[in-house]
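Asks: Sharing a structure, written as structure tokens. Questions coming.
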Amino acid sequence: MSDLAQQKCEACRPSSQPVSQPEMEQFKAQIPEWDVIEVDGVKQLSRTYRFPNFVSALAFTNRVGDIAEAEGHHPALLTEWGKVTVTWWTHAISGLHKMT
């Protein structure tokens, strides 16, 4: 299995297969800070980052937004005082997709 940190986001089609449970367990070992959650039957990756104040949290949100726009893969970002929750999934397949 390749290193997730070396991969790039790749658009998938509605016919693309979501990550299998065994694949998810292998990938999860590479991103232990992230949680796999399920919202309305859709598996998603979620992580909350903590900051000392709202200004720092907002600056982080903007940096993530810039990277997401460059990659063409946009997370849900919840910015609050002292924290940002980032949630990722592939909308085209309503779940998590294996990068190639």
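Asks: For residue 35 and residue 56, compute 0.36 nm times the residue count separating them, minus their Cα-Cα distance, and round to one decimal in nm.
Replies: That pair, residue 35 and residue 56, stretches by 5.3 nm at full extension.
Asks: In whole Hz, with x marking every Gly and Pro, tabulate ³J(HN,Hα) for segment 56-65 from phi via Karplus 6.51 cos²θ - 1.76 cosθ + 1.60, θ = phi - 60°.
Replies: 5, 5, 5, 4, 4, 4, 5, 5, 4, x
Asks: If you don't mind, there's one more thing I want to ask. Along the principal axes of its C-alpha atoms, what lengths does segment 17-88 span, in descending order and rounded to whole Å?
Replies: Sorted largest first, the three principal extents are 39, 25, 24 Å.
Asks: Show me, for segment 32-47, the HN-Hα J-couplings you get by feeding each phi into the Karplus relation (A = 6.51, B = -1.76, C = 1.60, θ = phi - 60°), rounded to Hz, glycine and proline as x.
Replies: For segment 32-47, the Karplus curve yields x, 6, 9, 10, 8, 10, 10, 10, 6, x, 10, 6, 9, 9, 9, 8 Hz.
Asks: Further question: Applying the Karplus parametrisation 6.51 cos²θ - 1.76 cosθ + 1.60 with θ = phi - 60° to the phi angles of segment 19-31, what ³J(HN,Hα) value in whole Hz is obtained for each residue in order, glycine and proline being reported as x?
Replies: Those phi angles translate into 4, 6, 4, x, 5, 4, 5, 5, 5, 4, 4, 8, 9 Hz.
Since every read-out is calculated from the coordinates, none of them should be taken as a lab result. What you are looking at is a predicted structure, and each value in this text was computed from that prediction instead of being measured.
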